Amino acid sequence: MSRLWITGYRSYELNVFQEKDPKVEVIKRAVKQALRNQIEQGVDWLITGPQLGIEQWSARWGIDLKSDYPEIKVAIMAPFAEFGSQWNDDNKAKLSQLQTDADFADQVSDTKYRSPAQLRNYQEFMLMHTDAALFVYDSEYPGKSEFELKAAQQFAETHPYPVNIIDFDQLQEAANEYEEEQEEIKMQRNHEDS
């Protein structure tokens, strides 16, 4: 069994406020390709958190990949009880549906948020219960997942723990590919219409 921790930017850190934002499609392409590569190298559990953005999108895309890789399992681990309870109803419903669709969903701490120690315990839990990490993160654009990345890199100094990063250069490559494909589709439609 090989378990991959997936995390990265929150949606607001990417200025994404709607699922239909073209940035989501670009991120999806890059993350899904990275997940496919990890699965083909033996990863059978994709483990992420419940944060809006990379974590929830990755959980959804992991669930989508089950059609090609039925052996894959997806887990969503919250750092503490009642995570997201302050969110609006739409975001609460999305998280609830993801937790239902995942193979496993739980929380590291059974108490509501009380202190930053719960977040450190969450990082430690994720490091101890995964074999590698995948971050969507660019050090030139700091975000909240910087703390998880630093913890994973420190952990990797003393453990066999690969830390893979999808940075903005890789996302730009995915954007360029997406744009080229959209242009080809547009040209084909124009050709068919004429």
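The values are calculated or read from the model by the stated rules, or taken from the named source; none is laboratory data. Given the structure is predicted, the values throughout are model-derived calculations rather than measurements. So basically every Cβ, Gly included, is an ideal-geometry build from the backbone, and we count neighbours across all protein chains shown.
Annotations for the structure displayed:
- Boolean, Q153 is at negative phi, surrounded by 11 or more Cβ atoms within 10 Å (Cβ to Cβ) and either out of contact with any Phe, Trp or Tyr (no Cβ under 7 Å at 6 or more places or on another chain) or not acidic (D, E) (or both): yes
- Hey, L35 buried (at least 17 other Cβ atoms within 10 Å of the Cβ), under 14 Å from the mean Cα position of the chain (by Cα) and free of Cβ contacts under 8 Å to residues at least 60 places away in the same chain or not: no
- Taking first residues from region 151-166 that are closer than 10 Å to L127 by Cα and partners that are surrounded by 15 or more Cβ atoms within 10 Å (Cβ to Cβ) and among the acidic types (D, E), the Cβ contacts under 9 Å between residues at least 6 apart in sequence or on separate chains come to Y161/D131.
- A93 modelled with pLDDT of 95 or more, among the aliphatic types (A, V, I, L, M), part of a helix (DSSP H, G or I) and over 21 Å from F135 (Cα atoms): yes
- Being part of a helix (DSSP H, G or I), free of Cβ contacts under 8 Å to residues at least 60 places away in the same chain and either farther than 25 Å from P160 by Cα or out of contact with any helix residue (DSSP H, G or I) (no Cβ under 8 Å at 6 or more places or on another chain) (or both) is a property that holds for Q118.
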